[in-house]
1. Would you check which residues across the range 16-62 are part of a loop (DSSP other than H, G, I, E, B) and touching a helix residue (DSSP H, G or I) at 6+ places or on another chain (Cβ under 9 Å) and list them?
2. With the requirement that a residue be more than 24 Å from residue 610 (Cβ to Cβ), of a type in the set (A, V, I, L, M, F, W, C) and open to solvent by less than 20 Å² (accessible area, probe 1.4 Å), what does the range 73-118 give you?
3. Which condition from (1) within 14 Å of the ligand (Cβ to nearest atom); (2) open to solvent by 20 Å² or more (accessible area, probe 1.4 Å); (3) modelled with pLDDT of 95 or more is the one that residue 401 breaks?
4. For residues that are within 16 Å of the ligand (Cβ to nearest atom) and in contact with a Gly (Cβ under 9 Å, 6 or more places away or on another chain), tally how many sit in the range 309-336.
5. Do we find a residue being within 16 Å of the ligand (Cβ to nearest atom) and without any contact (Cβ under 8 Å) to a residue 60 or more places away in the chain anywhere in the range 294-302?
6. Contact list please: Cβ distance under 6 Å, first residue in the range 346-363 and among the hydroxyl-bearing types (Ser, Thr, Tyr), second residue near the ligand (Cβ under 7 Å from one of its atoms), pairs at least six apart or on different chains.
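The values are calculated or read from the model by the stated rules, or taken from the named source; none is laboratory data. Predicted model, so just to flag it, every value in this text is computed and none were measured. Here the Cβ is made from the backbone with ideal geometry for all residues, glycine too, and neighbour counts use every protein chain on show. Each accessible area value is taken on the protein alone, full model and side chains, heavy atoms only, with ligands, DNA and RNA left out. Shrake-Rupley method; radii C 1.70, N 1.55, O 1.52, S 1.80 Å.
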Amino acid sequence: MCGIFGYIGRSEATPILIDGLRRLEYRGYDSAGVATLANGVMELRKCAGQIASLTQMVQKDPPHGTSGIGHTRWATHGRVTDENAHPHLDQSGKLALIHNGVIENFQQLRDQLLSHGHTFRSETDTEVLAHLIGYIFDGMGGPRNKQNLLDAFRLALKQVIGTYGLALFHVDVPDVVLGARRGSPLILGVGKGQNFIVSDVSAIVAHTRDVVYLDDYDVVSIERNQFDIVSLAGADISFQVSKVDFTTEDVDKGAYPHYMLKEIFEQPNAMRDAMRGRLSTEECTAKLGGLNMSSRELRDVDRIVLTACGTALHAARLGECLIESLAQIPTEVEFASEFRYRNMPMNKDTLVFAISQSGETIDTLAALRESKRKGHRTLGICNSVGSTIPRESDGGVYMHAGPEIGVAATKSFTSQVVVLTLLALLLGRIRHLSSAQGIEAISALESLPDLARQVLDESARIEELAGKYTDAAGFLFFGRQYNYPIALEGALKLKEISYKFAEGHPSAELKHGVIALVGPDVPSIMIAPDDAVYEKNINTLEQIKARKGRVIAIATEGRKQIAGLADDIICIPKCPDFISPILAVIPLQLFAYHLAVKLGCDVDKPRNLAKSVTVE
Ligand code: AGP
């Protein structure tokens, strides 16, 4: 997956493109490039490496023009090289194209074009598409105008199997930039005397907050003072201009050295925003109007399937515990990438939730589509407003965590868990939970942001602690019940950004094999708050110590026994069992962050990763 930025207006395009690419860099940072158009001349600059390398290149030799396209790449087809960086040109060198997605039948299209004498400079599927569009346009013979370029674009896309978010321009049709999407996000930004095509609104909020979230098979053309959207078949389509509800401040790092740290510290506010207006002390329950389901329909639900990827899947695993214990509804979690190919037995009263921060993860989207195809009511729990999953689901809940730019998900995780807790409370209250239990849950939830703030106050101490463990060969994370998903999430955070080997396990699994890894070089992180399984966790800790393993414990403040056993301890405040995982994950995020910084890792742009995975 990659970031796309197309611009046409009255200002010099290059600074706008570079700033946009910086904001999209979380989507991929293997290579970057821009192409601009001025007085019938295309200027192209591209190179392997992060936007910083491209910036140096354009500073030395700035490309001019008031329209252009820019791209930041996460490599799929073809290695990370200058040649494979986008934009790619057609055979004539007059058409420049950028792409996010995968053209599955590119080999077949490439062979056809080779037989027509085309030569290719890169190994990418995108270059093949650029050639195909150019080939059709050149073969049309008619006037070199917007309509014919648009027709050539549509005809080429009809031959494509795969996914794409695209933007292009052609030297012979200078006053227009075209875009199209299928399976990869694309947004039209509507400005005054300028218009934009981007992969994510965060890249254009400095210029405009008026946007159109394009649908699959939409084809868009932007000019300085107008834009048009048609279907792939060429028909006019209806669309809505929406207002983005955040500003540039929300997508800037502010005083923080990294987005990840900023987002970790935003968690108390994000939790408040996830709960805002959704708790009713009068009815002792949560209200989630976006589910679009009556109490009666919700009462009929006899099974829930939660599907997601990565961190969102770990939130789903917590959701499973929460829904089963608060609402007693059988709940199952499935990797979205498995769900889409599985034939999971489900009945008419099974409710499916697709959970995704970005709302664009292709596996989660495909799971949602598969579930809907089979006639199941499918809801989304997403953060990105207007993204594809919320638009294609039958209803859902927005997390309202605000933009998350750091590649390692942090605040989106805790917001997902808060939303899932609200859902569990709502489902519990229309079944067996008493009003007193409802009120207890509400007051626990309401206390959460302040408790989270107390945990954040430990950041400096956690930083110091991380310094003691930089030499570790790897880490094992243990937790039980509500805190088993936290062991998984803690391990994921650590490996994503520090590249240290890390695994999460249910504590009691230690003795079934994992114990073979325990030793002085592989410390364990034991998540053992004061809950129903505290004593069991202590047993596991003793077993690790008996094998000379070092242990960092995440424990409830005031617990002397665990403090005496563990090598190091990070305390979280006393709280009900179901709240503890939301607090316990915060020190693990901070530990991963500080350890990675001490190891000199680029925490906001970890190697090989990208924020949202929009390719299979
Ligand atoms: C989290 O740190 C990861 N970067 C990744 O696992 C992520 O959670 C996953 O790709 C799902 O993304 P989504 O929530 O946007 O669907």
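1. 29, 50, 62 - these are the residues of the range 16-62 that are part of a loop (DSSP other than H, G, I, E, B) and touching a helix residue (DSSP H, G or I) at 6+ places or on another chain (Cβ under 9 Å).
2. Correct list: 95, 109, 113.
3. Among (1) within 14 Å of the ligand (Cβ to nearest atom); (2) open to solvent by 20 Å² or more (accessible area, probe 1.4 Å); (3) modelled with pLDDT of 95 or more, the lone unmet condition for residue 401 is (2).
4. Of the residues in that region, 2 qualify.
5. no
6. From residues that are among the hydroxyl-bearing types (Ser, Thr, Tyr), the pairs are 356/312; 356/364; 358/612; 361/309; 361/612; 361/613.
Let's see how each residue does on (1) surrounded by 24 or more Cβ atoms within 10 Å (Cβ to Cβ); (2) modelled with pLDDT under 95:
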residue: 378; (1), (2): yes, no
residue: 385; (1), (2): no, yes
residue: 406; (1), (2): yes, yes
residue: 417; (1), (2): yes, no
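Here's the yes/no breakdown for (1) among the aliphatic types (A, V, I, L, M); (2) farther than 19 Å from residue 333 by Cβ; (3) under 18 Å from the mean Cα position of the chain (by Cα):
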position	(1), (2), (3)
411	no, yes, yes
416	no, no, yes
421	no, no, no
439	yes, yes, no
444	yes, yes, no
448	yes, yes, no
452	yes, yes, no
455	yes, yes, no
459	no, yes, no
